[in-house]
Structure formats: structure tokens, C-alpha cells
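Visitor: Have a look at the structure that comes next, please.
The values are calculated or read from the model by the stated rules, or taken from the named source; none is laboratory data. Values in this document were obtained by computation on a predicted structure and should not be read as measured data. Note that each Cβ is placed from the backbone with ideal geometry, even for glycine, and that neighbours are counted across all protein chains shown. The area values use the complete protein model at the heavy-atom level, side chains included, leaving out ligands, DNA and RNA. Shrake-Rupley method; radii C 1.70, N 1.55, O 1.52, S 1.80 Å.
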Amino acid sequence: MTDEQTVAEDQGPVVQIDIVSDVMCPWCIVGFRQLEQALGMTGMGARIRWHPFELNPQMPPEGQNLAEHIAEKYGASPEQSAQNRKHLTDLGADLGIAFNFSDDSRIVNTFAAHQLLDWAEAQNQQHPLKIALFDAHFTQGHDVSDAGVLADVAAGIGLDRAAAAAALASGAHAASVREKQQFWTSRGISGVPAMVFGGRYLLTGAQGAQTYADMLRRTYAEDQAA
């Protein structure tokens, strides 16, 4: 469905991991960094395949203020929202993630970002692009629903900017993204991150390095015994 990127150890056991996620989801990048820690703990590698999911598919082009959105969607008070952002910021710092939340932080529509990720598959650059998009949104505070910003992010990892812009303008990857989204939602995925280990074990949410390490070992052992 998507390209694969081998992460972590050059030698040793390797496990396939499919990650369903959205660029707007802070727990997705937290979960991935915890997975990286688990790979380091186990000395294992992973073939990462990213898949699209939209937390807010009806989000209008102009987006919405983050605190306002959280209040509307989850009923969080301003104090709860601020506390949650601080928790994420502290957790991110321990994982090497700079969450730069502010009163002006916004949630935006990510359908175009998913189309760009789909386009990057052919260049085998989906993984670095995904990580760069997380950084652009959470650390740099850029509007990753904007075609120009998306093209700049693509160029920043060495992809052709004009080709990225043309892919977005054409809408050629829209149907592919919708198909992949439907694939996962039809299999019960309703929240992210959702990580599937070895094509059979699902872990949802950011589960922590130890949980991921245990799952890596279990999956690899079963693969070897099969």
C-alpha cells in the first residue's frame, strides 16, 4: 500500500510495522519516538509503512484555533487544555520532540498532506516526509494544509519542489488516499496512532517503549517459528 522505510539497526531482526496516523496527532509522533526507543532497546529494526487517517476530515480550509477545537470536540476547559499541552510538551522534550504550542496554534485539514505523502511513495521518501511534516506543524508552526508550505517541506528533504507542487495541484493522489483511509476504517481503526506489528497485532495510542519492545520481540519470535 505504501513504501517501506527500514528504521534503526542495520543488522539484526526486522519486523514490519504499519502505522496509521495523522499529521495533526501529537500522540502519533510521540508513539513513533517511543517505538524508536524500543528498537534501540531490542537491537531490532523495523520496516515502517505509514498509512493515512484524518482526525478531522470536515475541518474547513481556514482551520481552527487549537484550544477552541479541543474545547468543542472533547469538552476540555481552557485550564484542562493548557494542562494537556504542558504534559505533551514535557513528554516531547524527553523524546526529542519540540512541541511549540501557543495561543495561536491551529488545527488544519490534512487531506493535502496525505496526498503529498502518497506522492512521495514513488520516491521512497514517505518516511522522511512524514517526520518532516510533524516537525513543520508541531515545532515550526507552519500551516501544513497550504500547498506552498507542503512543497517547501518536500524540498527540504530533497524532493523536487515543482514536482511536489504539481502533484498537489493535479489532485492525482486524492482517490488513492481515500481508498487507503477506507481500507483502515473498514477494519475498525477509529483513532490514531494505530500500529500493526507483523500484520496481525494492533496497538493503539502511544503505548510506551517497553510495550513496543515486548511486541517487537513477540512478533519476531513468532515470525521465526512460523
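Visitor: I'm told residue 56 meets every condition in (1) buried (at least 18 other Cβ atoms within 10 Å of the Cβ); (2) under 15 Å from the mean Cα position of the chain (by Cα) except one. Can you identify the failing condition by its number?
Guide: (1)
Visitor: Suppose we filter 126, 115 for residues that are polar (S, T, N, Q) and in contact with a Gly (Cβ under 8 Å, 6 or more places away or on another chain); which single one remains?
Guide: Step by step, each of 126, 115 is checked, and only 115 is polar (S, T, N, Q) and in contact with a Gly (Cβ under 8 Å, 6 or more places away or on another chain).
Visitor: Turning to a different aspect of this structure: Any residue in region 56-78 that's of a type in the set (Gly, Ala, Ser): show its pairings with residues that are open to solvent by 40 Å² or more (accessible area, probe 1.4 Å) and in a helix (DSSP H, G or I) at Cβ separation under 8 Å, as long as the two are six or more apart or on different chains.
Guide: Pairs found: 67/78; 67/82; 71/78; 76/84; 77/71.
Visitor: Could you please give the count of residues in region 208-226 that are touching a Phe, Trp or Tyr at 6+ places or on another chain (Cβ under 8 Å) and open to solvent by 60 Å² or more (accessible area, probe 1.4 Å)? Outline the logic, then answer.
Guide: In the first step, residues of region 208-226 are kept if they are touching a Phe, Trp or Tyr at 6+ places or on another chain (Cβ under 8 Å); the result is 215-216, 218-219.
Filter again for open to solvent by 60 Å² or more (accessible area, probe 1.4 Å), leaving 218.
Going through region 208-226 one residue at a time, the tally reaches 1.
Visitor: Let me ask something else about it. Does region 197-207 contain any residue that is open to solvent by 60 Å² or more (accessible area, probe 1.4 Å), in contact with a Gly (Cβ under 8 Å, 6 or more places away or on another chain) and modelled with pLDDT of 95 or more?
Guide: Checked against the condition, which is being open to solvent by 60 Å² or more (accessible area, probe 1.4 Å), in contact with a Gly (Cβ under 8 Å, 6 or more places away or on another chain) and modelled with pLDDT of 95 or more, region 197-207 yields at least one hit.
Visitor: Residue 102 is checked against (1) open to solvent by 30 Å² or more (accessible area, probe 1.4 Å); (2) modelled with pLDDT of 95 or more; (3) closer than 21 Å to residue 146 by Cβ and fails just one. What number does that condition carry?
Guide: (2)
Visitor: Is one or more of the residues making up region 37-59 assigned to a helix (DSSP H, G or I) and touching a strand residue (DSSP E or B) at 6+ places or on another chain (Cβ under 8 Å)?
Guide: yes
Visitor: Answer yes or no: is there a residue in region 153-175 that is open to solvent by less than 70 Å² (accessible area, probe 1.4 Å), polar (S, T, N, Q) and part of a helix (DSSP H, G or I).
Guide: Checked region 153-175: no residue is open to solvent by less than 70 Å² (accessible area, probe 1.4 Å), polar (S, T, N, Q) and part of a helix (DSSP H, G or I).
Visitor: Could you give every pair whose Cβ atoms fall below 8 Å, whose first residue belongs to region 172-191 and is within 11 Å of residue 52 (Cα to Cα), and whose second residue is among the acidic types (Asp, Glu), counting only separations of at least 6 or pairs across chains?
Guide: Within 8 Å, the pairs are 176/118; 177/118; 180/118; 181/54.
Visitor: Exactly one condition in (1) without any contact (Cβ under 8 Å) to a residue 24 or more places away in the chain; (2) polar (S, T, N, Q); (3) surrounded by fewer than 14 Cβ atoms within 10 Å (Cβ to Cβ) is false for residue 89; which is it?
Guide: (3)
Visitor: Right, residue 166: out of contact with any strand residue (DSSP E or B) (no Cβ under 7 Å at 6 or more places or on another chain) and without any contact (Cβ under 8 Å) to a residue 40 or more places away in the chain or not? First the steps, then the outcome.
Guide: Details: out of contact with any strand residue (DSSP E or B) (no Cβ under 7 Å at 6 or more places or on another chain): yes; without any contact (Cβ under 8 Å) to a residue 40 or more places away in the chain: yes.
Considered against the rule, which asks whether it is out of contact with any strand residue (DSSP E or B) (no Cβ under 7 Å at 6 or more places or on another chain) and without any contact (Cβ under 8 Å) to a residue 40 or more places away in the chain, residue 166 comes out as yes.
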